[in-house]
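Throughout, read-outs are computed from the coordinates displayed, never taken from laboratory work. Keep in mind the model is a prediction, meaning the values are calculated, not measured. Positions of Cβ are generated from backbone atoms using ideal geometry, with glycine treated the same way; all protein chains shown enter the neighbour counts.
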Amino acid sequence: MKTIPSLVLALLLTSIAALRAADSKPTEPSRDDASWLREKGKLIFHDAFEREEDGNLAKAIGNGWNSATADRVPQIKMADLDGGILKIASASKEAGHSAHIHHEAGFSDGGAVVRFKFPGLTKSESLQLGFVDRETPGIHAGHLCYANLAPGGITLMDWKTGVMNLEIRQRRQPYLDRKEKLPADLDALLKTKQITVPWKADTDWHELVLVTEGEEMRLSLDGKVFARHRSAGFAHPMKRWFSFLVPSTVWIDDVKVWKVK
Ligand SMILES: [Ca+2]
């Protein structure tokens, strides 16, 4: 039997070790999550908004969208389909809540690709988007995890094992009500559940990709991973709804939801 020369063997083992190390590292900034979704995933929902809305109420957007806040203010139009764009203008004051628009999703690993822009119609425009599961007990309103795009930064948040976990929420709420500092241990715990990356909002169109893969959530903008965070709640097995929370104004041109697993 021919033996493998020891130098070749050593090189081979070193390259295997290097590959393994690369596998366990966080994903690279060059990672293309839109391609990952297209290549490994199944498209479970697509809306290009090429139609007119039907009134102002919860199902006015059509194509399976639902609004948790529209029926509170039936006289106000919060979702206007115009030229293939969903133009959201929340009546947050009148409705007592940011516009909450959601659609069935249904995946463990996967995500959404959204073309959006801030139209510059109101001050401090922001957009929160993420995943909800109202069928799992122990999570306030089923809020699992979100990305929030605000004028100065983008935040990724695990709410399932963070602020919306019922036990944590119950402990935290009295401090919020009294406008007091949180106890150090609770504050430290909650800090592990989110990450904020500085970002300067503008009024251009952007392609946003928000995915969860195991315990990691990643947000990409215009083809580049912009923020990523690992936290147990991101691995929730059923992202049942995809949802937008809009405090003021935002325009959405296209939404795709993909299931990888
Ligand atoms: Ca469109």
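Residue-wise test of (1) in contact (Cβ under 8 Å) with a residue 24 or more places away in the chain; (2) under 30 Å from residue 64 (Cβ atoms); (3) of a type in the set (Gly, Ala, Ser).
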| position | (1), (2), (3) |
| --- | --- |
| 188 | no, no, yes |
| 196 | yes, no, no |
| 210 | yes, yes, no |
| 228 | yes, yes, no |
| 241 | yes, yes, no |
**Message:** Go through (1) away from the ligand (no atom under 16 Å from the Cβ); (2) within 25 Å of residue 34 (Cβ to Cβ); (3) aliphatic (A, V, I, L, M) for residue 76 and report which single condition fails.
**Reply:** (2)
**Pick from region 71-84, criterion in contact with a helix residue (DSSP H, G or I) (Cβ under 8 Å, 6 or more places away or on another chain) and buried (at least 16 other Cβ atoms within 10 Å of the Cβ), ranking: nearest to residue 115 (Cα to Cα)** = 79
**Prompt:** If you scan region 57-72, which residues turn out to be part of a loop (DSSP other than H, G, I, E, B) and among the aliphatic types (A, V, I, L, M)?
**Reply:** 57, 58, 60, 61, 68
**Asked** Which of (1) under 29 Å from residue 122 (Cβ atoms); (2) without any contact (Cβ under 8 Å) to a residue 24 or more places away in the chain; (3) in contact with an Asp or Glu (Cβ under 8 Å, 6 or more places away or on another chain) does residue 248 not meet, given it meets every other one?
**Response** (2)
**Asked** Can you name the strands (runs of 3 or more DSSP E) wholly within region 209-261 that have at least 3 residues being of a type in the set (D, E, K, R)?
**Response** 224-230, 249-259
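Would region 132-149 turn up any residue that is in a loop (DSSP other than H, G, I, E, B), more than 26 Å from residue 170 (Cβ to Cβ) and either touching a residue at least 24 places away in the same chain (Cβ under 8 Å) or within 16 Å of the ligand (Cβ to nearest atom) (or both)?
Within region 132-149, none of the residues are in a loop (DSSP other than H, G, I, E, B), more than 26 Å from residue 170 (Cβ to Cβ) and either touching a residue at least 24 places away in the same chain (Cβ under 8 Å) or within 16 Å of the ligand (Cβ to nearest atom) (or both).
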**Members of region 228-261 that are of a type in the set (Lys, Arg), away from the ligand (no atom under 16 Å from the Cβ) and within 23 Å of residue 78 (Cα to Cα)** = none
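What tally of residues in region 108-131 results from selecting those that are away from the ligand (no atom under 16 Å from the Cβ) and of a type in the set (A, V, I, L, M, F, W, C)?
Narrowing region 108-131 to residues away from the ligand (no atom under 16 Å from the Cβ): 108-111, 118, 120-131.
Cutting the leftovers down to of a type in the set (A, V, I, L, M, F, W, C) gives us 118, 121, 127, 129, 131.
The total comes to 5.
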**Message:** Can you tell me how many residues within region 44-63 are within 16 Å of the ligand (Cβ to nearest atom) and closer than 17 Å to residue 107 by Cα?
**Reply:** 2
**Message:** Looking at region 37-56 only, could you name the residues that are in contact with a helix residue (DSSP H, G or I) (Cβ under 9 Å, 6 or more places away or on another chain) and surrounded by 14 or more Cβ atoms within 10 Å (Cβ to Cβ)?
**Reply:** 56
**Complete:** Residue hits (region 174-212; touching a Phe, Trp or Tyr at 6+ places or on another chain (Cβ under 8 Å) and either under 30 Å from residue 255 (Cβ atoms) or of a type in the set (D, E, K, R) (or both)) are 181, 193, 197, 199, 201, 202, 203, 205, 206, 208, 211, 212
**Prompt:** Which of the strands (runs of 3 or more DSSP E) contained wholly in region 76-118 include at least 2 residues that are touching a residue at least 40 places away in the same chain (Cβ under 8 Å) and at negative phi?
**Reply:** 85-89, 99-107, 110-117
**Asked** Is there a residue in region 251-261 that is under 12 Å from the mean Cα position of the chain (by Cα) and surrounded by fewer than 23 Cβ atoms within 10 Å (Cβ to Cβ)?
**Response** no
**Prompt:** How many residues are crowded, with 20+ Cβ neighbours inside 10 Å and under 8 Å from the mean Cα position of the chain (by Cα) if we restrict to region 129-157?
**Reply:** 7
**Request:** Among the residues of region 85-107, write down those that are away from the ligand (no atom under 16 Å from the Cβ), over 15 Å from residue 45 (Cα atoms) and surrounded by fewer than 23 Cβ atoms within 10 Å (Cβ to Cβ).
**Result:** 89, 91, 92, 93, 94, 95, 96, 97, 98, 100
